[in-house]
C-alpha cells in the first residue's frame, strides 16, 4: 500500500506514492521547503481521513501555522476538526533560574552533567508523546521537525545508529507513515538518520539564479526517479515543474 504526499507532481516520481508505514527523511537547508512539504503531506492525508500529527521541537506550532497561512491548504479548518494535530515540544522562550545558575557556576564546580531548563527531549520522551497521540486520535501520518533536535545518549557513532534504528523501529510499530525533517545542504550518508530511514528526499535551493529542486535519494521497496526536478512554491504549496 502507498500513501500520496499531496505534493503536486511528486508521487509520479515514486510509482504513485510512498510505501505506507515507513519512515522517511526530508532534508535540506533552511528555507528550502521542508516544513511546507511536511504540512502538505499531513493535509493531504486528512482529506482521505488520515489523522496527522506535526511534532515540532524548535519552532512553535503557532509560528508554523502562521507561516503556512499564505497557502490554500485549509490547515486551520483541519486543525479545528482535529484532523491535523500539533504537539509543541519547542523550547520555552523565557529564561529561568536554572539558566542564570549555569552562568555563575564555575567549570571546576559544575557537575559532569547538569540539565538546563528545556533540555533537548530524549528519544524515549518523544516516542511516548507520539504514542499518546496515536492512541488517543489514531494518528496515521507523522511529521517530526527536526529529528536532529532529539537527544540521543550515545556518543559512539555506531551506537547512535543503533539508537536511531531503535527509535524508528518503534515509530513504525505504531502504524504511522513518518516524515522526519532535518537540516543539511547535502546528504551525509554516515549520519544515523540517513542510514536507518527507509527513504531520503532532498530539497535544494542553490541561489536566486537557479531553480529549487527536489530529488529522491532512496526509497526502499519502491522504484523511483533519481533526477533533480525543479519546483516552485504555488498557491497550494510545493508544485513540481514538468
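At a glance:
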{"item": "nm² value of the averaged projected area, convex hull over the Cα atoms of region 192-242", "result": "4.7 nm²"}
{"item": "Extension gain (nm, one decimal) between residue 132 and residue 65, 0.36 nm per residue minus Cα-Cα", "result": "21.9 nm"}
{"item": "Hypothetical label at residue 77: residues of region 1-40 whose amide nitrogen lies under 15 Å (7 Å Cα-Cβ projection)", "result": "none"}
{"item": "Rough spin-label spacing in nm, given labels placed 7 Å along Cα→Cβ, for residue 172 and residue 220", "result": "0.4 nm"}
{"item": "Cβ crowding within 10 Å averaged over residues, with 46-52, 5-11 ranked highest first", "result": "5-11, 46-52"}
{"item": "Extended-chain gain in nm, criterion 0.36 nm per residue less alpha-carbon gap, residue 4 and residue 183", "result": "62.1 nm"}
{"item": "Region 53-95 versus region 15-35: alpha-carbon centroid distance in Å", "result": "18 Å"}
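We did not get these values from a lab; they are worked out from the coordinates using the rules stated. No experiment lies behind these values; they were computed from the predicted model shown. Here Cβ is always computed from backbone atoms with ideal geometry, including for glycine, and neighbour counts include all displayed protein chains.
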